[in-house]
Amino acid sequence: MNPKQEKRDEWMGQLHRNHIQQVARWRHQVLAVQLSMLVCMFLLWEVAGRLRWIDVLLFSYPSKVFAQIGKDIASGELWAHVGVTVGETAVGFLLGTLVGTLLAVLIWWSPFLSKVLDPYMVVFNSMPKVALGPIFIVMFGAGFTAIVMTTLSITVIITTLVVYNSFNEVDPNYIKVIRTFGGERSEIFTKVVLPASFPAIVSTLKVNVGMAWVGVIVGEFLVAKQGLGYLIIYGFQVFNFTLVLSSLLIIAAVATAMYQLVVYAERKMLAGRR
């Protein structure tokens, strides 16, 4: 290798290292601002509660909320509720994503079926899912299955619509190339449509995290005798709003952890494709 090429490679390597460092600094700054905002919010909430700027019966304040969480952890009651809710959410999340994606593939495969089902999907998506809860309770009983079905009623249609739209937005020129060489519909799907839609399918996982949590909590409001949704309802019934807020904070923390796992998996999958 000549000296000019070596100098150019060294310069390009330095540019790459500088870029990586800049991205890392930017991420650290974003994280620092996010944590600062969170700390300030909790401090303001604590001060407002201590000085009675807010109604502590309704809004409580952080030290009482964290004391409630510590008490529930020490008694061992919290872990059972968290385990039940996380299990229901994981099942609803995975099934919703899988069934929704398969339904999107089926609809794309059959234009006739797409035309037939399109208005029904729009109408079903606009229906309040809480109204379906009693139907699921009668059909499947007041338990795990009814809660998962409530979750699926939210996640499946959202997944189907998002993935199906991503299939339809694939560049038609790529499809024409496959058809020009005599490719069948199966080859169009496997060689063009699915690879081009893969980022959208993976991104749907992030949407489904939130949707799955909404479905599970709604289901637990209706039928559960255990879980974080049950704790919220129980807190309202006994007028213990500190319990309600502690349950909400735990939901936020666990949902954030689940979301970060999905983001990590997305990053690994997309990096592998690149």
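Listed by first and then second residue, the pairs linking a residue in the range 113-138 that is free of Cβ contacts under 8 Å to residues at least 12 places away in the same chain to a residue that is open to solvent by less than 50 Å² (accessible area, probe 1.4 Å), with Cβ atoms under 7 Å apart and 6 or more places separating them unless they lie on different chains, are LEU113/ILE107; LEU117/ILE107.
Exactly one residue among VAL30, VAL105, VAL65 is loosely packed, with under 11 Cβ neighbours inside 10 Å, among the β-branched types (Val, Ile, Thr) and part of a helix (DSSP H, G or I), and that residue is VAL30.
Here the helices (runs of 4 or more DSSP H) wholly within the range 164-274 that include at least 1 residues being crowded, with 19+ Cβ neighbours inside 10 Å, in contact with a Gly (Cβ under 6 Å, 6 or more places away or on another chain) and on the phi < 0 side of the Ramachandran plot are 194-223, 241-273.
Figure legend. Inter-residue proximity from the range 18-42: first residues in contact (Cβ under 8 Å) with a residue 60 or more places away in the chain and closer than 30 Å to SER63 by Cβ, second residues among the polar types (S, T, N, Q) and loosely packed, with under 10 Cβ neighbours inside 10 Å, beta-carbon distance below 8 Å, spacing 6+ or different chains. No pairs are indicated. Please indicate, with yes or no, whether at least one residue in the range 252-261 is modelled with pLDDT of 90 or more, in contact with a Leu (Cβ under 6 Å, 6 or more places away or on another chain) and either closer than 28 Å to VAL56 by Cβ or of a type outside the set (A, V, I, L, M, F, W, C) (or both). For the range 252-261, residues modelled with pLDDT of 90 or more, in contact with a Leu (Cβ under 6 Å, 6 or more places away or on another chain) and either closer than 28 Å to VAL56 by Cβ or of a type outside the set (A, V, I, L, M, F, W, C) (or both): absent. Taken as a whole, the condition of being surrounded by 14 or more Cβ atoms within 10 Å (Cβ to Cβ), over 26 Å from VAL202 (Cα atoms), more than 20 Å from the chain's Cα centre (by Cα) and small (Gly, Ala, Ser) does not apply to GLY141.
In the range 167-182 there is no residue that is modelled with pLDDT of 85 or more and closer than 24 Å to VAL91 by Cβ. Can you confirm whether the range 145-158 contains a residue that is open to solvent by less than 50 Å² (accessible area, probe 1.4 Å), among the hydrophobic types (A, V, I, L, M, F, W, C), in contact with an Asp or Glu (Cβ under 7 Å, 6 or more places away or on another chain) and under 17 Å from VAL216 (Cα atoms)? Taking every residue of the range 145-158 in turn, at least one turns out to be open to solvent by less than 50 Å² (accessible area, probe 1.4 Å), among the hydrophobic types (A, V, I, L, M, F, W, C), in contact with an Asp or Glu (Cβ under 7 Å, 6 or more places away or on another chain) and under 17 Å from VAL216 (Cα atoms).
Considering VAL47, VAL84, VAL56, the condition of being surrounded by 11 or more Cβ atoms within 10 Å (Cβ to Cβ) and closer than 30 Å to PHE144 by Cβ is satisfied by VAL84 alone. Considering each residue of the range 119-132 in turn, at least one proves to be touching a helix residue (DSSP H, G or I) at 6+ places or on another chain (Cβ under 9 Å), assigned to a helix (DSSP H, G or I), open to solvent by less than 50 Å² (accessible area, probe 1.4 Å) and within 19 Å of VAL214 (Cα to Cα). Quick check: anything in the range 43-59 of a type outside the set (Asp, Glu), without any contact (Cβ under 8 Å) to a residue 24 or more places away in the chain and within 21 Å of LEU231 (Cα to Cα)? Looking for residues that are of a type outside the set (Asp, Glu), without any contact (Cβ under 8 Å) to a residue 24 or more places away in the chain and within 21 Å of LEU231 (Cα to Cα), one finds at least one in the range 43-59, hence yes.
The values are calculated or read from the model by the stated rules, or taken from the named source; none is laboratory data. Computed from a predicted structure; not experimentally measured. All Cβ positions, glycine included, derive from the backbone under ideal geometry; neighbour counts span all protein chains shown. Ligands, DNA and RNA are stripped out before the accessible areas are found, and what is left, the full protein with its side chains, is counted by its heavy atoms. Shrake-Rupley method; radii C 1.70, N 1.55, O 1.52, S 1.80 Å.
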